[in-house]
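The block underneath contains the structure these notes are about, expressed in structure tokens.
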Amino acid sequence: MNTDKTDSHTQSARNDAWDEKAARSGNEAFLFSTRRRWATRLVLIFSGLIMAATVPPLNWSSAAWIALAPLFWIAKDLRFWGAWRAGFLWGLAWAVGSFFWIREIEKFVEPLRRIAYIPSLDIQIPLLLPFALGAVLALFPAFWAAAIPALRRSLTLTLENELAGHEAQASLPCPAPWREIFFALSLAAWWCVTEWVRCWIGTGLPWNYLSTSQWQNPALIQICEYTGSYGLSFLIALVNITLVQAIQLFAFNARSGSYRRPWPLLLALMLILVSVVAGNRSMLKHLPKEGDRIYRVAVTQGNIAQCRAATNDEAVNALKQYMELSELVLLSNPELVFWPETAVPLPLRIDHPLCVQYRFQLTELVRKAQMPFIVGTIDFDDLPPGETRQPNTYNTAYLIGKDGSLLDKYHKVHIVPFGEYVPFSDWFPILARFLDMGRQLSPGKRFNPLSPEPGVRIGMSICFEDTFPYVSRYHALAGANMLAVITNDAWYPASSEDEQHLANTVFRAVETRLPMVRCGNNSCSVLISPTGIISDAIFTRPNPCDNAGMIPDSKKKGRGATVFNVPLKSDPSLSFYTRYGDVFILACLLLFGSAVLAAAWRWRLKKQVFLETFSSTKQSAS
């Protein structure tokens, strides 16, 4: 007789019987049943995926206002580590769903072959990458959720009610509105702090914040001029939290027959209303004025695949394509021409025959057109004679003057981990050996706007630098009156990475109140106004609201070139965010810190009551 099989069958039958009893109306066993646990997990996964759907390609922006609520609802009744695990599961579903495009990074497959050979590696490793990144990003929602039960009782209950116990608390009236408001504001602030930490910790990844879901809501994103994108994340988190509080209050009203207004939710809705009204006024304020200069900027988009063999023929073909696009767009009489990041996969300044050919053809075109160019390329340190060390390598934007000379350059400051360098490779050389992507770039040291002519000062960002608020802010502080991004999103030819990149970019224009020109290799070459609206693009599509009109099509991939009319102010005033930076995050830190102190003080009072009770009981017993 197979006893293991019999025991397994018996245990399964017991579990089924338990779950059947737990499903009966009024039976609290459901709270501890297997069905309850799996239902909770499915709700967390589903709501995390819904939050992932709020950013491109789906852009379900309205769902962001409710997608965090299930996590708050579930975590509030758990203990610290239970809430942490709930937040991690929600965060994993969100991160894998919204960063699934990272599976397209083909170059990660080859380095990982050096670790171990797996026959199906080409399938497995790309699919594992979103889960590996997701496990890291899920830590931030996990620690946010862990704070919910840690603060809820201390901030929403009086000391007497908290000491009364769980069963007694269930029959108590709802907490005072001011307590719930303070609790909700503190948790919304804590969410913003976790986003800010994600921007800085390690190499930083300020991508797909809660605020990114509203990138196509121009009236609402105007508050970013004062708060950065964190202010909008604060509002979204606050609405999710207060929505759950309102549902609980409605349930209490139904049970008690009384009526209490959901003041926390009303406060959140009022803040949104004020933000929208102020945002509309701000958009009118930042419309182009009559005195603004119209600067004609050309962008070229070669649509050249990056997952290709690095051969001389490929480099020559890339040069040919961008020369043809430039000659075509020069017929429209621009004042400046952009090529995207590393448009031609050759360094511009070394003496290799192909590089000499590249430099010669480009400078001849510039001299003939009498037109400055900004070109993305790889550059090196100029070493003094006799220097034997290897020169530093940079991802660079070069400004080429009308006479073909190299006028200025901007070295990319915030370089991409694993894509442009291997983090901690100096301390752990084994990482460089296994994860080498073919180059080890160095970061630039300064934020210097490029000036192709008097009155034009362009603050450059290269690749994903435009997702970091500090890069554009420092350029604006250095005197830039226009922002520009050169990028190469063709590494992700079939996914929504390029549109997500654009969605995270528009906030930089609002924060600095500067127009932004974006030049991509395969897509999303657009003009963004100081209000965050995409006002022009290489491609257009019919306007669904006007059959005779056309609107910018920022999603379309392809080869093309066009000229943008960029309104420039000669001496723009600094925006609040440019001048003061992340003061909103400082306010969030102070708010959350005060909540932690209040909770710590409550814990001290509870401990004191317990000690006094224990001491009096001991004396009575003796």
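Just so it is clear, none of the values below were taken in a lab; they were calculated from the coordinates. The model shown is predicted, which means the values in this text are computed figures rather than measured ones. Note that each Cβ is placed from the backbone with ideal geometry, even for glycine, and that neighbours are counted across all protein chains shown.
Separation of segment 472-504 from segment 512-583 is 11 Å, based on Cα centroids.
Entry for segment 292-580 at q = 0.12 Å⁻¹: log10 I(q)/I(0) = -0.76, Debye formula applied to identical alpha-carbon scatterers, no solvent contribution. Calculated FRET efficiency, Val609 and Gln248, Cβ-Cβ r, R0 45 Å, to nearest 0.05? Result of the calculation: an efficiency of 0.95. For segment 502-594, the spread of Cα coordinates along the three principal axes comes to 55, 33, 29 Å, biggest extent given first. In the structure shown, the pairs Lys412/Lys445; Lys409/Lys555; Lys409/Lys445; Lys368/Lys402; Lys289/Lys569 are assessed against 18 Å; a Cα-Cα span above that value is assigned to Lys409/Lys555. When you restrict to C-alpha pairs under 8 Å that are six or more residues apart and normalise by the size of segment 292-580, the relative contact order lands at 21 percent. Our estimate of slack between Phe131 and Arg389, defined as 0.36 nm per intervening residue step minus the Cα-Cα distance, is 88.9 nm. Cβ-to-Cβ counts within 10 Å put Thr505, Thr396 in ascending order as Thr396, Thr505, the fewest first. Between Asn59 and Arg41, the contour length at 0.36 nm per residue exceeds the Cα-Cα span by 4.0 nm. For the pair segment 244-262 / segment 145-160, the C-alpha centres are spaced 19 Å from each other.
Helix by helix, which DSSP H runs in the chain go 15 Å or more along their axis at the Cα atoms and have an average Kyte-Doolittle hydropathy of 1.6 or more? Helices passing the filter in the chain: 121-137. Loop exposure criterion: GluC sites (Glu not before Pro), DSSP state outside H, G, I, E and B, at most 12 other Cβ atoms within 10 Å. Applied to the chain, the longest stretch between such sites is 1-289.
Exposure here means at most 14 other Cβ atoms within 10 Å; with chymotrypsin sites (Phe, Trp or Tyr not before Pro) in a DSSP loop as sites, the longest stretch of the chain lacking them is 428-622. The candidate values are (1) 1.06; (2) 1.13; (3) 1.26; the one derived from this structure for Cα Rg over 2.2 N^0.38 Å carries the label (2). The trypsin sites (Lys or Arg not before Pro) of segment 368-415 meeting both criteria, a DSSP state outside H, G, I, E and B (loop) and at most 13 other C-beta atoms within 10 angstrom of the site's C-beta, are Arg389. Each of Ala305, Ser33, Ile528 was placed along the dipole of the chain (beta-carbon charges, centred on the mean Cα), and the one lying farthest toward the positive end is Ser33.
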